[in-house]
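Notes follow once the structure below has been shown.
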Amino acid sequence: MNIILLGPPGAGKGTQANLLVEHHGMLQLSTGDMLRETRKADTELGRRVAAVMDAGELVSDEIVSAMIDAKLSDMGDDVGAIFDGFPRTEAQARALDDILAGHDRTLAFVIELVVDEEALVDRVTGRFTCANCGAGYHDRHKQPETEGVCDKCGSTEFKRRADDTEETVRTRMKEYRAKTAPILPFYEERGIVHRVDGMAAIDEVTSAIEKVLASA
Ligand code: AP5
Ligand code: ZN
């Protein structure tokens, strides 16, 4: 089964994708994660991607579509894909149709995480992760049990995303409203969009998504 998780920055796409990977053995295809790998490289492309991301703007449709196509080529045919953060523009939505057809895959559901934008600014600007194991924490809602020590692995190194400042988050939200939300009708016509309350507790959001998947 192939699904898209759609929602603004901080809606919980990555959180829910991780849980679906654990529960269903699907694979998460996050263009954000792929681009964060790309920007680490000391190359012309890496520097260009970093500048675009730090401004909160969108990387070119061609670059991200090619990344998704390459990832699907590396995956077993029977493994379901969770598209996290892709597509983000109408051009990407059309490209995804072609890419899926080229891999003999079809799209089962688009799950829109419906959220309150002001709450998202708080979610995103407060988050940090363990630099060693990736466990997620939050300045105001979820500090490690022992200050400065990761609960899961004991590491004392933590990191924050360069694009999680309030100013950049607001630009990312603007980009979402202007370019990504307008792709919903493209999928609504096909009757595959399901709305889930992204403000509920994490496990409740997961249950709501599981219900949609079970309706296939
Ligand atoms: P990307 O990495 O995709 O970031 P994003 O869409 O802004 O989303 P986030 O990762 O910030 O949030 P999320 O929805 O995954 O939420 P999370 O689960 O982490 O993209 C980054 C940049 O890359 C873009 O700005 C762009 O420049 C570029 N890019 C990426 N894809 C692109 C594309 N296709 N085309 C062009 N450019 C592209 O949750 C957030 C926080 O909230 C966490 O702390 C979490 O613990 C907490 N949380 C989650 N759910 C809940 C809940 N239900 N209740 C309470 N807290 C919760
Ligand atoms: Zn850790």
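The values are calculated or read from the model by the stated rules, or taken from the named source; none is laboratory data. None of these values were measured; they are calculated from a predicted model. Neighbour counts run over all protein chains shown; Cβ positions are idealised from the backbone, glycine included. Quick note on the areas: whole protein, heavy atoms, side chains included, nothing else; ligands and nucleic acids left out. Shrake-Rupley method; radii C 1.70, N 1.55, O 1.52, S 1.80 Å.
Within the group Leu113, Leu58, which residue is open to solvent by 40 Å² or more (accessible area, probe 1.4 Å), under 15 Å from the mean Cα position of the chain (by Cα) and not aromatic (Phe, Trp, Tyr)?
Leu58
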Show the residue pairs that are 6+ apart or on different chains and have beta-carbon atoms under 9 Å apart, the first residue being within the range 155-172 and more than 20 Å from Gln143 (Cβ to Cβ), the second being more than 8 Å from ligand 1 (Cβ to nearest atom) and not in a helix (DSSP H, G or I).
Thr168/Ala162
Considering only the range 13-34, I want to know if a residue exists there that is buried (at least 23 other Cβ atoms within 10 Å of the Cβ) and part of a strand (DSSP E or B).
no
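Here is a list: Phe128, Phe158. Which entry is within 16 Å of ligand 2 (Cβ to nearest atom), of a type outside the set (Ser, Thr, Tyr) and open to solvent by less than 30 Å² (accessible area, probe 1.4 Å)?
Residue meeting the stated conditions: Phe128.
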Starting from the range 23-38, keep only residues that are β-branched (Val, Ile, Thr), then list their pairs with residues that are open to solvent by 50 Å² or more (accessible area, probe 1.4 Å) whose Cβ atoms are within a distance under 7 Å, requiring at least 6 positions of separation or different chains.
Thr38/Leu45
